Structures are given as structure tokens and as C-alpha cells.
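Worksheet: one structure, shown below.
The values are calculated or read from the model by the stated rules, or taken from the named source; none is laboratory data. Everything numeric in this text was worked out from a predicted model, so none of it was measured. Quick reminder, even Gly has a Cβ in these numbers, built from the backbone with ideal geometry, and neighbours come from all protein chains shown. The protein model used for the area step is the full one, side chains on, heavy atoms only, and it has no ligands, DNA or RNA in it. Shrake-Rupley method; radii C 1.70, N 1.55, O 1.52, S 1.80 Å.
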Amino acid sequence: MAYTSIYDKILRNPYKITWLDLFSDSLKKHSRQDMEYAMIAGTSMDSATESNMLQKWRKPWLFRAILIGGIAISFIIFAIVYACIQLFEISHIAALNLLFVIVPPIVVPFALMVFFWELNVPRNISIYQLLGYFMVGGMLSILATLIVDIVAPQGAASLAPFSEEPGKLIVAVLLIKMFGSGKNRKVYGITGLVIGAAVGAGFGGFESAQYAYNMVDWVQVGGFYIWEEAFEAIVMNEALRGAFAVCGHTLFCAPYAAAVALHMNGNRITKRCFQNRDFYLTFAASFIAHFIWNTRTESYNAFFVMKLALTIAILWFSARYVLRKCFAQLAAAAASNPRDNLLPNMKVAGISGTFANRAFGIKNTQVFFGTDSGCNLCYPMGTAGINEKHCEILVQNGHMYLADLGSTYGTYLNGVQLPPKKGYLLKTGDVFYLGSKGESFRIEGN
């Protein structure tokens, strides 16, 4: 089956969504306007609702910019620290030391967290809330782990999942419940995915920073020249832990937190949230992957490579499994949330392009088509032949009129290009298209 767009695929068969579908925009060039649009998610300036959230959503790309920027900043910090040690024999600048042990370890977990945040179709979590979940969730999950560790099995590192996964789960559930208690907030499965990713990223980032700090502390020389011998070891440790974060705590926590949120009953946490197949599978996958990853290996040998590959496969398959479930929930919510139509017997049906095989009721006196986030039928940024505000349908005295808004490639009604800024009566059976026949619609009704 062919799909005209990611939105069409989510609506028609969300269980066929692949990682390639979701990563496909990450290498494209994006504008400052794209950045601003991403950053208003979850704020009062965002106009996404349950009925139009799929049209308002954009595929992830910001995470890549954050990842590249974070890596660049880390290299700058490394270079400054190295220069201070080698050229000036200075190794006790407190602020620089703090940056050295904190910033590099959190770059990859933070970028992964932003990736999952960008998958949040309802756009109901702001970047400020996300940062809060990262900081508070990371610290509380470490504290919860220390408490659970009192009764958990002790010994080898491979036993860490017995305390760390329950600890993160407790905090993720607490934050999901707090989110759902807010006014006019609806918890979706993907809400749990984002919050779980934030908790896991915070836990993983702070844990890696702790390892770096401990390495510094071990090589103190009179409390003054502390990094000359350990600098290379610390940099290598931070680089490896950053690279291996793709199979770390962000991916451990996000899937089972999503499974909990998927089965909430009216924003309420019940036994059903934990007694379901989705939770059993995702929590077991994270636990087993964590156990495998923490299994001790003497060096980076064939067994280590196999362990790495297996851990990555388990975690990303688990995340894809629950993400498809989340998309199915969102597609059902969007389809079952119609608003009262101004013209109940009339519809605009997509024939080809982004909105093919979908029909839309007329719910406003003005229905805008274009790539601008304020449009009722909002195309993905960069859709060929479509302007920000391309055309509109006007409702006056019980009739519909189509008007081009000065678009670059034109609006055509029954094959004839319309002059801009002038309304033309629409009737049942009329066909119009934006720019080319690849983005066409038909008027249906009586």
C-alpha cells in the first residue's frame, strides 16, 4: 500500500511506521522559523488541538542540531582544559572543572530526549517542562534507586537493573501523574514516552557525570594539579559513555513509561497500567537489555560487539513497538474528535498528495491551506509548490468560495488558474488543486 505522507501513514496504518519515516527530515535544512515553531510546542502560542494535531506536528530534526552543537561545545571545553594543563599548569579552575565533568556526559542523552520530545504529536509538553523533567526526574530517579537498592540484590554490575529500573519507573509514573493532574491536560501514551525519556536521560547524564567526577577525585595531587594524569582517561570515558547512550537509560525508561501512560484511565493511574501486555514486554525488554549491557567483559572483543548490538536491537525494537501503539492511539483520537460543521452536508475530500483519502468538514468561516502553522490544513514545511498561506475556503450565506492568496504556483479550480484575492463559488463535484495536480481536492456533498 502506498502512502502519500507520514500523516497519511499514521492515520491509515500506524503499525507500519518505521524509524526511517521518523528520521527522514533530520538531515534536511531547516529555517529559523522552523526552530521557533518547534520551541512554542506546549505553550499558549501553540494552536495544536486533538482534531488538528497531526497536521500541526513536524517530524524530528532539532535533536540533530542539539547533538552537533553539544559535541562542538564539548570539544571546546576539552581543548580549554587541555591548554590550561599543558600550557599554563592550571588545573583548579572550579567553573571549568564543573563544565568538564557535567556538560560532555549529558550531550547524547539530552539529544535523545529531545528526539522523543519531537515525536510528541499532541505538542502538549513545552521545552521548559521537558527541562524540568530532565533535571528533577534525573535527580529523583537516582535517589529512588538508592532507596530501592537497600532491598535489591547486591554484587555484580549486571544486577543494577534490579534497583535502577524500578527507581526510574517510580519517578516516571509520579511525573506522569503530576502532568495528568494539570488543568485541561490529557495524558496520551506518547506523553509517557517523553516523560520517561526525560527521566532516563537525566539519570544517565548525571550518572556519567558522577563517573567523570570520581575519576578526577582519584588522582588528586595535593589538591592542586588534579587532571594531568587523568585527562585522557576522563575524556575517553565521557566519549564512550556518550556514544553508548544510544543503548542507555533514555531507551531503558521511555518505552515502559509509555506503556503505563497508554493504559491510563482518564488520566488516572490504576492497576491496569501495570497489568497489561505492553508494560510486561517493554519493562522486560529494558530489564534484560540492561542486564546484558552490564555483563562484564574484559575488553572490546567480539563478545562486547555482540553485547552492544543485542542491547541496541532490543531497546530500539521495544521503543518502536510502543511508539506504534502510541501513534495508533493518537490516530484514533484525531479521527473521533470532530467539531460541529458549518455546512454539515459538504466536505472537502483529498484526492492526491498530503491529504489524499481524507475528508474534512467545514468547521470555520475561513479554512486556510498552506505550510504555515496557523493553517487549518497544514502541509509539512517544504512541500513542493505550497506557500505558507496558499489559498482559503470562505463560508458566506451558506455557500463556499475558493480564493487564492497570491501563491507562487497558483490555485486551480476545475483546471483553471484563479486570479488572486477573489472568491469563486464551489459546488459539489468541483475539483481544485494547489500548485499542481499532485495536491488536489474534490468538493463532496449535496
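Structural remarks
- Structural size metrics of the stretch 1-79, computed from C-alpha coordinates, are Rg and Dmax of 15.9, 52 Å.
- The mean sequence separation of alpha-carbon pairs under 8 Å and at least six residues apart, normalised by the residue count of the stretch 1-119, gives a relative contact order of 29 percent.
- Taking E388, E50 and ordering them by how much accessible surface each has at a 1.4 Å probe, largest first, produces E388, E50.
- Entries in K28/K59; K9/K186; K9/K437; K389/K421 that, when Cα-Cα distance is taken, lie over 19 Å: K9/K186; K9/K437
- Along principal axes, Cα extents of the chain, largest first, whole Å: 85, 54, 43
- Between A239 and I150, the contour length at 0.36 nm per residue exceeds the Cα-Cα span by 28.9 nm.
- Look at the alpha carbon pairs under 8 Å that are at least 6 residues apart: their mean separation over the length of the chain gives a relative contact order of 15 percent.
- When restricted to Cα atoms, the stretch 282-392 yields an Rg and a Dmax of 23.3, 71 Å, respectively.
- The stretch 146-222 - Debye-derived log10 I(q)/I(0), Cα point model, q = 0.20 Å⁻¹: -0.95
- Shape parameters for the stretch 1-148, alpha-carbon atoms, Rg then Dmax in Å: 19.6, 65
- Normalised by residue number, the volume inside the convex hull of the Cα atoms of the stretch 131-183 is 68 Å³ per residue.
- Mean Kyte hydropathy of 1.0 or more with a Cα span along the axis of at least 15 Å, helices from DSSP in the chain: 62-88, 94-118, 127-148, 249-262, 302-335
- Heavy-atom accessible surface of the chain: percent carbon and sulfur, 1.4 Å: 62 percent
- Computed with every protein chain present, the accessible area of Y300 is close to 150 Å² [probe 1.4 Å].
- Among residues other than F115 with Cβ under 14 Å from its Cβ, the summed charge is +1 (Lys and Arg +1, Asp and Glu -1).
- Built amide H within the under 5 Å cut-off of G370, gap 5+: L377, Y379, H390
- Helix-only mean residue ellipticity at 222 nm for the chain, each DSSP H run of n ≥ 4 adding -39500 (n - 2.57), per residue, nearest 500: -17000 deg cm²/dmol
- Taking amide hydrogens as placed 1.01 Å from N in the peptide plane, the amide H of L426 sits under 5 Å from those of M400, Y401, L402, each at least 5 positions away in sequence or on another chain.
- Accessible solvent surface per residue of the chain, calculated while the other protein chains remain in place, 1.4 angstrom probe, Å²: 47 Å²
- Spatial separation of Cα centroids for the stretch 17-74 and the stretch 381-419, in angstrom: 27 Å
- Accessible-area ranking of I142, I10, I76, largest first, probe 1.4 Å: I76, I142, I10
- Equivalent ellipsoid of the stretch 44-103: semi-axes from √(5λ) of the C-alpha gyration tensor, largest first, are 43, 12, 6 Å.
- Per-residue SASA entry for M381, accessible area with 1.4 Å probe, Å² rounded to 10: 60 Å²
- Here the calculated FRET efficiency for R12 and T270, from their Cβ-Cβ distance with R0 = 35 Å, stands at 0.65, rounded to the nearest 0.05.
- Descending Cα extents along the principal axes, the stretch 244-309, whole Å: 49, 18, 14
- DSSP-loop trypsin sites (Lys or Arg not before Pro) across the stretch 150-214, with at most 10 other Cβ within 10 angstrom: K183
- Isotropically averaged projected area of the stretch 318-446, using the convex hull of Cα atoms (one quarter of hull area), nm²: 8.5 nm²
- Three-way shape call for the stretch 74-217 based on the alpha-carbon gyration tensor, with the a/c threshold at 1.5: oblate
- Dimensions of the stretch 228-272 based on its C-alpha atoms, expressed as ranges along the principal axes with the largest first, amount to 56, 16, 13 Å.
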